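Worksheet: the structure to be examined is printed underneath.
The values are calculated or read from the model by the stated rules, or taken from the named source; none is laboratory data. None of the values given here were measured: they were computed from a predicted structure. Note that each Cβ is placed from the backbone with ideal geometry, even for glycine, and that neighbours are counted across all protein chains shown. What goes into the accessible areas is simple: the full protein's heavy atoms, side chains included, and nothing from ligands, DNA or RNA. Shrake-Rupley method; radii C 1.70, N 1.55, O 1.52, S 1.80 Å.
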Amino acid sequence: MPPRRVVTGRSQEPRRRFAEELRQLGQRLGWDWSFFGKMEKGESLGGPEVVQALDQHYGTAGMLLVLWELERGDKTQFKERYWRYMTLDAEAVSLWHFAVSVLPGLLQTRGYARELLAAGGFVGDELTQQVEARLGRQELLEGEGAPPFRTILSEAALRMALRDQRAWREQLAYLAAMAEHPNLTIHVLPESAGPHGLVSADVWFLRMPDGRTVAYTENAYQGELVEEITTVERLQRAYDAVRDLALSPAESRKFVLRMLEEVPCDPSN
């Protein structure tokens, strides 16, 4: 596999960059160019199987598939900012996160991701593609070069059970297992901690190779990339205060296991 390249190089506009990457991959793999002519010209985005081949060839952990999903819809400021966040996410040397009400995509099982995205209005093939794009990003946590990832999960995020009890049990079991991953630290913020400075939005922090930190805040309807130093520092102080209120990693894993015990077993088992 060739060295992994961050998707920030030549063209910054997603459709044009996608076309450039497609042309290079077609040349390398000997694909029939008549199949990709419209895609290279930006007249069509093609299907997800092509983008998955791009991700596999360049080792971009599902990032191009997510970019393809974003570009399928109308461009908005939110999508442009999310695309910018994705490029930084791929470069980050460490990640911190706080979850208000939904588990982070990097720790979601297929069942959790599917039910959550379906609740957001996705159906059919589009739902399947969104699920695959989300799960593809989890490759970011795998391999020798995987960045350390710390997440604080509010108890509310853990109390929002799935309708499918089997899928919910799988999700909780997966969290408990991932809590022992060497590059992953999971905290639980109990409801008894009370109000805090991050009560209204999920927050991601990305430590970049040059030492700077950027933040990304989001809710169900929009996201905001934060690069201004003063604002990032203020968010980091709020995050540190929340971490002080959270359970230790060991106690957090026990908390998740207790929740798992509370979920009724599938009668068919």
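Probing with 1.4 Å while keeping every protein chain in the model, the per residue accessible area of segment 167-229 equals 50 Å². Note on segment 129-269: dipole from Cβ charges, positive end direction compared against A238, S200, P190; the farthest Cα belongs to P190. Counted by Cβ distance under 10 Å from L95, the other residues give a net charge of +1, where Lys and Arg count +1 and Asp and Glu count -1.
Among the trypsin sites (Lys or Arg not before Pro) in segment 143-213, which ones are in a DSSP loop with at most 15 other Cβ atoms within 10 Å of the Cβ? Mind listing them?
Working: sites: R150, R159, R163, R166, R169, R207, R212; in loops: R163, R212.
Of the trypsin sites (Lys or Arg not before Pro), the ones in loops of segment 143-213 whose Cβ has at most 15 other Cβ atoms within 10 Å are R163, R212.
The residues packed around R150, meaning those with a beta-carbon under 12 Å from its beta-carbon, carry a net charge of +1 if Lys and Arg are +1 and Asp and Glu are -1. DSSP beta bridges confined to segment 105-243 are antiparallel in about 60 percent of cases.
Projecting the Cα atoms of T128, P148, Q138 onto the charge dipole of segment 113-160, computed from C-beta unit charges around the Cα centre, puts P148 farthest toward the positive end. Surface composition of segment 158-269: carbon plus sulfur atoms hold 51% of the accessible area, using a 1.4 angstrom probe and ignoring ligands, DNA and RNA. So what does the Cα-only Debye profile of segment 159-238 read at q = 0.11, 0.15 Å⁻¹, as log10 I(q)/I(0), no solvent term? With no solvent term, the Cα-only Debye profile gives -0.44, -0.80. Rounded to whole numbers, the Karplus 3J(HN,Hα) couplings from phi for segment 187-198 are 10, 10, 9, x, 4, 5, 5, x, x, 8, x, 10 Hz, using 6.51 cos²θ - 1.76 cosθ + 1.60 with θ = phi - 60°, and x at Gly and Pro.
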